Amino acid sequence: MQPVTESNGYVERFTLGEGDLCFAVKDTLDIAGFPTRAGCPALAANPPAEQHAGVVKTLLGQGCILTGKTTLHELAFGVTGINPWSGTPVNPHFPELIPGGSSSGSAAVVASGEVDFALGTDTGGSVRMPPPAAGSSV
């Protein structure tokens, strides 16, 4: 089985910033001008964020390129990464297996080589579980 080069790990793709390193962020972090939905249909009508999360602002200020927001297990509360509403990313190295969660999209876009790094959040393993499942590192 060949690794995939596109993970379907994004819920929104866009380009912000200029620089050498590309990154993506889990859809629990605010990006000015984009709604934060946390993979939850109840948050579908959220208004766009008015400002970037602090870490995003810092990375953009240091010359990184933001490529989009990534999918996640609904409300970051689960370990599979499966999300029928916002989409479940393909596990790039093991497409027949789950991507792991909750930061499934962030791990998938890194493992597929779509970005240099991605931001996730960790409540109960949400950052620590997806990378090994997707064949990347924390």
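The values are calculated or read from the model by the stated rules, or taken from the named source; none is laboratory data. In this text the structure is predicted, and so the values were computed from the model without any measurement. Backbone-built Cβ (ideal geometry, glycine too); neighbour counts: all protein chains shown.
Quick grid of which residues meet (1) of a type in the set (S, T, N, Q); (2) assigned to a loop (DSSP other than H, G, I, E, B):
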site	(1), (2)
82	no, yes
85	no, yes
95	no, yes
102	yes, yes
105	no, no
108	no, no
115	no, yes
118	no, no
Checklist outcome for this item: How many residues of the range 25-43 are in contact with a Leu (Cβ under 7 Å, 6 or more places away or on another chain) and among the small types (Gly, Ala, Ser)? The answer is 2
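When the residues of the range 5-40 are filtered to those that are of a type in the set (Phe, Trp, Tyr) and buried (at least 17 other Cβ atoms within 10 Å of the Cβ), which remaining residue is modelled with the lowest pLDDT? Steps first, please.
Quick first cut of the range 5-40, residues of a type in the set (Phe, Trp, Tyr) only: 10, 14, 23, 34.
Checking which are buried (at least 17 other Cβ atoms within 10 Å of the Cβ) leaves us with 10, 23, 34.
Working: 10: 93, 23: 98, 34: 98.
The extreme case among them is 10.
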Next on the checklist: Quick check on my filter: what residues within the range 21-38 are of a type outside the set (Ser, Thr, Tyr), without any contact (Cβ under 8 Å) to a residue 60 or more places away in the chain, assigned to a loop (DSSP other than H, G, I, E, B) and touching a strand residue (DSSP E or B) at 6+ places or on another chain (Cβ under 8 Å)?
Outcome noted: 30, 33, 37
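Filter the range 122-134 for residues that are part of a loop (DSSP other than H, G, I, E, B) and surrounded by 17 or more Cβ atoms within 10 Å (Cβ to Cβ); which is modelled with the lowest pLDDT?
Out of the qualifying residues, it is 126.
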Checklist entry - Among 9, 78, 19, which is among the small types (Gly, Ala, Ser) and more than 15 Å from the chain's Cα centre (by Cα)? => result 19
Checklist entry - Which ones in the range 60-80 are surrounded by fewer than 16 Cβ atoms within 10 Å (Cβ to Cβ) and part of a loop (DSSP other than H, G, I, E, B)? => result 62, 63, 77
Checklist entry - Out of all the residues in the range 44-59, which are in a helix (DSSP H, G or I) and either out of contact with any Leu (no Cβ under 7 Å at 6 or more places or on another chain) or crowded, with 19+ Cβ neighbours inside 10 Å (or both)? => result 54, 56, 57, 58, 59
